[in-house]
Amino acid sequence: MAKDRAAKDPVDLALRQRGRASVDFITLLRSAGRDVVAAATEAMETIVPDPSVLPEDLEARFREVEAALVNEPSYRTQKLTHEYHARMHGVVAREAFEQVRDLVEGKLRCLDDGPATLTLDPDFHAPDYWSGVDIHRTLGGWDGHEFQGFIHSEIIHKKMVAYMFGDLYGQRRDVAALAPNSSYERILDMGCSTGYFTVALAQLYPEARITGVDLSPRTLEQAHRLANANGWAWRLYQCAAEKTPFASGSFDLVTSYIMLHEMPEAAIVDLMGEAFRLLEPGGDLLFADVTRFSDMDRLQEWKADTAARFGGEPHWRASASLDLAALAASAGFTDAKTQNLGPNRYPHVLHARKA
């Protein structure tokens, strides 16, 4: 397969008029708010010209900045529109799917068969940090609907997020290309979700045997459909990335993309140790996650923390405060290095090697 081949969508999704209008409305509402966000940012920078004077403690900083901006119209409007979007985007996406379910459900079920394999654990007990958390405030969480993986991938991501942030695959391809070797034989994608980063790995390393793990059965089902639609023989498993069933030394590249901020610090420490165990000697680790708080001034840090606070990200603050290179070194990795890509130093990429 050519490395530049575009991934084939599992189903060619065309929403009905009502669902399309609702998706467009909530997407444009968030996008149109960019001018409001710019005005709110300008107001913040006017009120706080020197971020270094803000309190070091984030809770105290939150209270101080909120009090300073409470009467600023642009800031209040920004909070209102973002809150509405956070509450409603999952509802709108699910309703839009139900309107076309009769047209796509059969096609989706046909993709249960193919070269990819999916292993779900009927006795699986999710970690405490995952249970009961509606990540990104998606209605019902990742598993709140029988086809939530499809809804998240094909409606929320491709029709909402892509409109606001552009090419969903480009940044993932850029990160995947940072792996130092031109080819790998056995790749593990930790927290593969619906398979966006796994696609980038499959395109860059077409001869590799690719394995993906995730906690969510619904997102794994969508990754399974995506692999089958493209003829990829991915092996997909429901398990915690920090506690997999694979033998030591099973992989020569272990990756994750924007997963660490969904985990508490203790789980990330365990994850580093598991990645080290799973890699063969000389194998590579490639993790990408959110911008580090250490790369921000105190006002930027407040903005990121506030967005996470109201965006359904309970572990963002602790995770974004970690030195990933130091954690990797503590787990036994050598040559642990980090770099920032793209605007706002996002994503933050860690590369390390098992000696």
### Packing-based ranking, highest mean first, of 226-235, 295-304, 34-43 given that Cβ atoms within 10 Å are counted
226-235, 295-304, 34-43
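Find the relative contact order for segment 236-355 and round it to a whole percent, using C-alpha pairs within less than 8 Å whose residues are 6+ positions apart.
Relative contact order of segment 236-355: 31 percent.
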### Query
How much length is gained if the chain between D128 and E185 is pulled fully straight, taking 0.36 nm per residue apart and subtracting their Cα-Cα distance, in nm to one decimal?
17.2 nm
### Task
Would you mind putting 283-290, 344-351 in packing order, based on average other-beta-carbon counts within 10 Å, highest first?
283-290, 344-351
## Note on the structure
Between E98 and E280, the two model label points (7 Å from Cα along the beta-carbon direction) sit apart by a distance in nm of 5.0 nm
### Query
Tell me, what HN-Hα J-couplings in whole Hz come from the Karplus equation 6.51 cos²θ - 1.76 cosθ + 1.60 at θ = phi - 60° for each residue of segment 162-178, using x for Gly and Pro?
5, 5, 7, 10, x, 4, 6, 8, x, 5, 5, 5, 4, 5, 4, 6, 7
### Summary
Filtered hits (aspartates and glutamates, Cα-Cα < 12 Å from K303, offset >= 8 within chain) -> E45, E66
#### Entry: With 5 Å bins from 0: P(r) over segment 1-111, alpha-carbon pairs, percent
2, 10, 14, 13, 12, 11, 10, 8, 7, 9, 4, 1
### Summary
Over the chain, the sum of -39500 (n - 2.57) across DSSP H runs of at least four, divided by residue number and rounded to 500 deg cm²/dmol, gives at 222 nm -13500 deg cm²/dmol
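What is the dipole size for the chain, taken about its Cα centre, with +1 at each Lys and Arg Cβ and -1 at each Asp and Glu Cβ, in debye to the nearest 20?
880 debye
FRET efficiency for V53 and E83, Cβ-Cβ distance as r, R0 = 25 Å, nearest 0.05?
About 0.30, to the nearest 0.05.
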### Summary
Along the dipole axis of segment 1-155 (charges at Cβ: +1 for Lys and Arg, -1 for Asp and Glu; origin at the Cα centre), the most positive-end residue among H125, G140, L111 is L111
### Matching label, volume of the Cα convex hull per residue in Å³ computed from the structure shown, candidates (1) 163; (2) 132; (3) 154
(2)
### Query
Once amide H atoms are built 1.01 Å from N in the peptide plane, which residues 5 or more positions from Y257, or in another chain, come under 5 Å H to H?
A288
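Please compute, over every Cα-Cα pair in segment 82-206, the percentage with a separation greater than 17 angstrom.
68 percent
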## Note on the structure
Checked segment 176-257 with the C-alpha gyration tensor, a ≥ b ≥ c its square-rooted eigenvalues, rounded below a/c of 1.5, otherwise prolate if a/b is larger than b/c and oblate if not; verdict oblate
#### Entry: Rg/Rg_globular for segment 173-213, with Rg_globular taken as 2.2 N^0.38 Å and Rg from C-alpha atoms
1.03
### Task
For a quick protection proxy, order the peptides 121-127, 314-320 by their average other-Cβ count within 10 Å, most packed first.
314-320, 121-127
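Each value in this text was obtained by applying a stated rule to the coordinates, not by laboratory testing. As the structure is a computational prediction, the values presented were derived from the model and not from experiment. So basically every Cβ, Gly included, is an ideal-geometry build from the backbone, and we count neighbours across all protein chains shown.
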